[in-house]
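Beneath this line is the structure, given in structure tokens, with notes to follow.
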Amino acid sequence: MKRLVMRLSDAEISYKNSSNLQGVLFENISKDYAEFLHTQQRHPYSQFIYKENEKLLWCVNALNDAAEREIIQPLLSESFGAFEIKKQNKKIQVLEKEVFEVKHQELVTDFYNSEPEHIIRIEFITPTAFKQRGKYIFYPDLRLLYQSLMNKYSGILAEMEMLDEDILEMLAEKSEIKKYRLKSVLFPLEGISIPAFQGSVTIKINGADTIAAYARMLFRFGEFSGVGIKSAMGMGALKIQGDAKK
């Protein structure tokens, strides 16, 4: 999995422009791969925009080798140094580019070898929501959270079926939210506004170390895949925060 982080020049845009940025992404990839992505139910990439230390950053994640080749590489090209958000007549400069990588095998190795943490603090960087029975769920339902991550993992690694109902039930049963700092927000998308939440939660995983390690592996994957709906359009970006016990 690879992450391309681009520092942008215009501080006036935000997650509300995320769907426009997806359009920019599609303008810079091959027509054949764009058509392929339109046929996929689960996308092998995510993208979102956020601010960190007063810097405006556009993050594009590739979850497999094909997405890295077809999406990350064109954006790394020297020819991609600026773009325009046409509907708002905004011209944006790409000031810096940086690439990070985490191999799938590293997640597995970390699962088996690392000291498991039973308390995990998750920051939802961009608006996050789930959809169940035709309705938007805009609070961090733990079962839906784990289910989404397991589905996304299975969709990328076809040889690994992560969505095991027994494990899902155990994760949901053994996890509890100990702290939260959340707000409800609206995510604008093609003329509608999706109700969502944003902020942080501290999750305690009770029971065996294996369950805690499994949950952390899913969240580490989620830092690249996003969680919930519309992660290809800028929703559901998450980050594991340090000092979870404080």
**Asked** Out of (1) closer than 27 Å to residue 23 by Cβ; (2) buried (at least 21 other Cβ atoms within 10 Å of the Cβ), what's the single condition that is false for residue 97?
**Response** (2)
**Request:** Would you check which residues across segment 10-56 are small (Gly, Ala, Ser), surrounded by 14 or more Cβ atoms within 10 Å (Cβ to Cβ) and not in a helix (DSSP H, G or I) and list them?
**Result:** 46
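Please tell me if residue 35 is among the acidic types (Asp, Glu) and over 21 Å from residue 238 (Cβ atoms). Walk me through how you get there before you give the answer.
Details: among the acidic types (Asp, Glu): yes; over 21 Å from residue 238 (Cβ atoms): yes.
Considered against the rule, which asks whether it is among the acidic types (Asp, Glu) and over 21 Å from residue 238 (Cβ atoms), residue 35 comes out as yes.
Can you pull out every residue in segment 136-150 that is in a loop (DSSP other than H, G, I, E, B) and touching a residue at least 12 places away in the same chain (Cβ under 8 Å)? Even if it seems obvious, please write down each step before you answer.
Taking segment 136-150 and keeping what is in a loop (DSSP other than H, G, I, E, B), we get 138-141.
Result: 138, 139, 140.
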**Message:** Every residue in segment 101-120 that is buried (at least 18 other Cβ atoms within 10 Å of the Cβ) and part of a strand (DSSP E or B), please.
**Reply:** 120
**Prompt:** Can residue 204 be described as within 30 Å of residue 19 (Cα to Cα), touching a residue at least 60 places away in the same chain (Cβ under 8 Å), part of a strand (DSSP E or B) and basic (Lys, Arg)?
**Reply:** no
**Request:** Could you please let me know if residue 123 is at negative phi, assigned to a strand (DSSP E or B) and touching a Gly at 6+ places or on another chain (Cβ under 9 Å)?
**Result:** yes
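Each row is one residue, and each column tells you yes or no for (1) at pLDDT below 95; (2) more than 12 Å from residue 121 (Cβ to Cβ); (3) open to solvent by less than 10 Å² (accessible area, probe 1.4 Å).
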residue	(1), (2), (3)
178	no, no, no
184	no, yes, no
188	yes, yes, no
193	yes, yes, no
196	no, yes, yes
204	no, no, no
213	yes, yes, no
216	yes, no, no
**Prompt:** Among the numbered criteria (1) open to solvent by less than 10 Å² (accessible area, probe 1.4 Å); (2) in contact (Cβ under 8 Å) with a residue 24 or more places away in the chain; (3) in a helix (DSSP H, G or I), which single criterion is violated by residue 67?
**Reply:** (2)
**Top-ranked residue in segment 77-111 [being without any contact (Cβ under 8 Å) to a residue 60 or more places away in the chain and aromatic (Phe, Trp, Tyr); ranked as nearest to residue 11 (Cα to Cα)]** = 83
**Prompt:** Across segment 88-129, which residue is modelled with the highest pLDDT among those that are in contact with a strand residue (DSSP E or B) (Cβ under 9 Å, 6 or more places away or on another chain) and aromatic (Phe, Trp, Tyr)?
**Reply:** 124
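Scan segment 55-77 and tell me whether some residue there is hydrophobic (A, V, I, L, M, F, W, C) and over 22 Å from the mean Cα position of the chain (by Cα). Quick ask: steps written out before the conclusion?
Step one: of segment 55-77, the residues hydrophobic (A, V, I, L, M, F, W, C) are 56-60, 62-63, 66-67, 71-72, 75-76.
Among the residues that remain, those that are also over 22 Å from the mean Cα position of the chain (by Cα) are: none.
So far as segment 55-77 goes, no, none of its residues is hydrophobic (A, V, I, L, M, F, W, C) and over 22 Å from the mean Cα position of the chain (by Cα).
Looking at segment 6-22, can you tell me whether even one residue there is among the small types (Gly, Ala, Ser) and out of contact with any strand residue (DSSP E or B) (no Cβ under 8 Å at 6 or more places or on another chain)? Reasoning before the result, please.
Going residue by residue through segment 6-22, those that are among the small types (Gly, Ala, Ser) are 9, 11, 14, 18-19.
Still in the list and also out of contact with any strand residue (DSSP E or B) (no Cβ under 8 Å at 6 or more places or on another chain): none.
Within segment 6-22, none of the residues are among the small types (Gly, Ala, Ser) and out of contact with any strand residue (DSSP E or B) (no Cβ under 8 Å at 6 or more places or on another chain).
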**Prompt:** Does residue 231 fit the bill of being under 19 Å from residue 132 (Cα atoms) and open to solvent by 20 Å² or more (accessible area, probe 1.4 Å)?
**Reply:** no
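For segment 172-197, how many residues meet the condition of being under 19 Å from residue 147 (Cα atoms) and either part of a strand (DSSP E or B) or touching a residue at least 60 places away in the same chain (Cβ under 8 Å) (or both)?
Looking only at that region, the number is 5.
The values are calculated or read from the model by the stated rules, or taken from the named source; none is laboratory data. This one's a predicted model, so the numbers in the text were calculated from it and none came from an experiment. Quick reminder, even Gly has a Cβ in these numbers, built from the backbone with ideal geometry, and neighbours come from all protein chains shown. Note: areas computed on protein heavy atoms with side chains; ligands, DNA, RNA excluded. Shrake-Rupley method; radii C 1.70, N 1.55, O 1.52, S 1.80 Å.
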